[in-house]
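Down below is the structure, laid out as structure tokens.
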């Protein structure tokens, strides 16, 4: 059985629409599960239609199924095994696969253009060749960039920025050379240039991500998400496939919006993040400048006492909570508080964690109802009326300096108004500065009690004392 | 005069960017992680290109350089499709509302 090109184009359009509905579903948790099913349905339609349109059910078809089965089993296995705290690594890893798949499809189309109706080898239609080389280059950048992001998130590679002299000029030269290579490739159809283009693109993906530090990863992951979309769209143009074009555009704009939201959450421009090196100068601010200021520190007993006498508590989680895997212990503490008729809510800063929405997923995993979790703008006015703010694993996003000191590198960044609470409990291992390399004024406030301990252990101890 | 089909594809592309823009802004921030994993899964619809590439060999030689790249791409995209949708499903199942106080 073989269906006509027109009919398959219509089906591809249908699957593109289903993908739009899949994203649309994410506007609220209630509709999100249905949205995901739309996405799955769209994918099934796209794959089935591809089989029907080639009409090739020979031995090759068996192998296609085999490879889908092998890849699918690996994917399913990972999806069930992965801990929620490792979600940023997983997403970075998946991005690299999309990028590599795009590169492979482009290579295949370049070597055998007849199979895709793109002309013959050495004489590929100009338009297709341009689209193909853009798709391949962006795919290659996505791949190597995501691999670096993955290694940094996984901790295999140091999260601190890697910078060297002449980095930016070098990157600029490489980016220009990619454009030149695409131009030359299209005018000569030389396969050597095609391989060179891929090599250079892999290299620049690598070089673009190494100078970016660990806490800027939310931007990097979103950006690579966007790239993977543009790569897919490039291949979609080559294959004249509507589903792929629509999806590529959706994913590309989705990633771009997320990057924008993340940059705004740090009050930094996209270029400032991409050029990297932020936080690398940490060591140059010599500790002698900082005067020794008194800090009030307490133990679990003190914290439990403060919370028991509160009527409302706001929890401010950050990356440290993820590292300490403290989300379950936290929820148990909150359950105990609620039994004592204390009102508890959670305040999430847009860049808390290592990827957009990271904290929300962890809290959901610990069975925290999503209607107790609030975004910065929703909850910031409530701090003034709350009795206790419990800061667990967050730092820079609570620093009042962002509002008061124009000299500070984080000045202007939206922060949670934690200091307006009657009292602040700050769980932290030590007084060391956060990622931005600056001291947090909150530590020295009159109403702040520092709890120096591992986040998980401290939370458990507080629960015992409640 | 005929319009180049490329223009139509370009129109679809541009309009989809706008759809993506509005749809993604309406995604609630608490679901941004599932948004990333699901966009990951759907961008793996690139598997359609991989399938065409994989089937490009003829009956005598299923495996040639071009189809091998196709098969590899199929496996990579399949990891993403299954992994992406399933992990999204797993995450979304965890988002629960507060139980109504009785």
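General observations
- Filter result (on the phi > 0 side of the Ramachandran plot and away from every other protein chain (no Cβ under 11 Å)) within the stretch A:333-359: A:341
- Take the conditions (1) touching a residue at least 60 places away in the same chain (Cβ under 8 Å); (2) surrounded by fewer than 23 Cβ atoms within 10 Å (Cβ to Cβ); residue A:398 misses just one of them, which is (2).
- Evaluation of residue B:28 against (1) surrounded by fewer than 24 Cβ atoms within 10 Å (Cβ to Cβ); (2) within 7 Å of another protein chain (Cβ to nearest Cβ); (3) modelled with pLDDT under 90 (one fails), failing number: (3)
- Candidate set from the stretch A:228-240 (those that are closer than 11 Å to residue A:131 by Cβ and within 7 Å of chain B (Cβ to nearest Cβ)); member that is surrounded by the most Cβ atoms within 10 Å (Cβ to Cβ): A:235
- Qualifying residue in the stretch A:98-110 (condition: over 31 Å from the mean Cα position of the chain (by Cα) and either closer than 20 Å to residue B:68 by Cα or more than 7 Å from chain B (Cβ to nearest Cβ) (or both)): yes
- Taking the numbered list (1) within 8 Å of another protein chain (Cβ to nearest Cβ); (2) crowded, with 23+ Cβ neighbours inside 10 Å in turn, residue A:54 passes all entries but (2).
- Those residues of the stretch A:160-195 which are in a loop (DSSP other than H, G, I, E, B) and over 16 Å from residue A:126 (Cβ atoms), in sequence order: A:160, A:161, A:162, A:163, A:164, A:165, A:166
- Residue within the stretch B:50-69 that is crowded, with 24+ Cβ neighbours inside 10 Å and in contact (Cβ under 8 Å) with a residue 24 or more places away in the chain present: yes
- Residue check, residue B:23 crowded, with 17+ Cβ neighbours inside 10 Å, touching a helix residue (DSSP H, G or I) at 6+ places or on another chain (Cβ under 7 Å) and part of a helix (DSSP H, G or I): yes
- Residue satisfying all of: in the stretch A:13-36; over 16 Å from residue B:95 (Cα atoms) and more than 8 Å from every other protein chain (Cβ to nearest Cβ); surrounded by the fewest Cβ atoms within 10 Å (Cβ to Cβ) among these: A:13
- Any chance residue A:222 is part of a helix (DSSP H, G or I), within 12 Å of chain B (Cβ to nearest Cβ), touching a helix residue (DSSP H, G or I) at 6+ places or on another chain (Cβ under 9 Å) and surrounded by 22 or more Cβ atoms within 10 Å (Cβ to Cβ): yes
- Taken over the stretch A:352-363, the residue count meeting the criterion of being farther than 16 Å from residue A:266 by Cα and in contact with a strand residue (DSSP E or B) (Cβ under 8 Å, 6 or more places away or on another chain) is 4.
- Meets criteria (modelled with pLDDT under 95 and either under 19 Å from residue A:88 (Cβ atoms) or at the interface with chain A (Cβ under 7 Å from one of its Cβ atoms) (or both)) for residue B:69: yes
- Some residue of the stretch A:62-77 being more than 23 Å from the chain's Cα centre (by Cα), more than 7 Å from chain B (Cβ to nearest Cβ) and under 12 Å from residue B:48 (Cβ atoms): no
- Residues considered: A:129, A:65, A:97. Of these, the only one that is in contact with a helix residue (DSSP H, G or I) (Cβ under 8 Å, 6 or more places away or on another chain) and surrounded by fewer than 24 Cβ atoms within 10 Å (Cβ to Cβ) is A:129.
- Verdict on residue A:442 being more than 15 Å from residue A:318 (Cα to Cα) and in contact (Cβ under 8 Å) with a residue 40 or more places away in the chain: yes
- Within the stretch A:118-130, considering residues that are in a helix (DSSP H, G or I) and more than 9 Å from chain B (Cβ to nearest Cβ), the one nearest to the chain's Cα centre (by Cα): A:130
- Of the residues A:48, A:59, the single one that is surrounded by fewer than 17 Cβ atoms within 10 Å (Cβ to Cβ), more than 7 Å from chain B (Cβ to nearest Cβ) and over 29 Å from residue A:154 (Cα atoms) is A:48.
The values are calculated or read from the model by the stated rules, or taken from the named source; none is laboratory data. Since we're looking at a predicted model, the values are computed, not measured. So basically every Cβ, Gly included, is an ideal-geometry build from the backbone, and we count neighbours across all protein chains shown.
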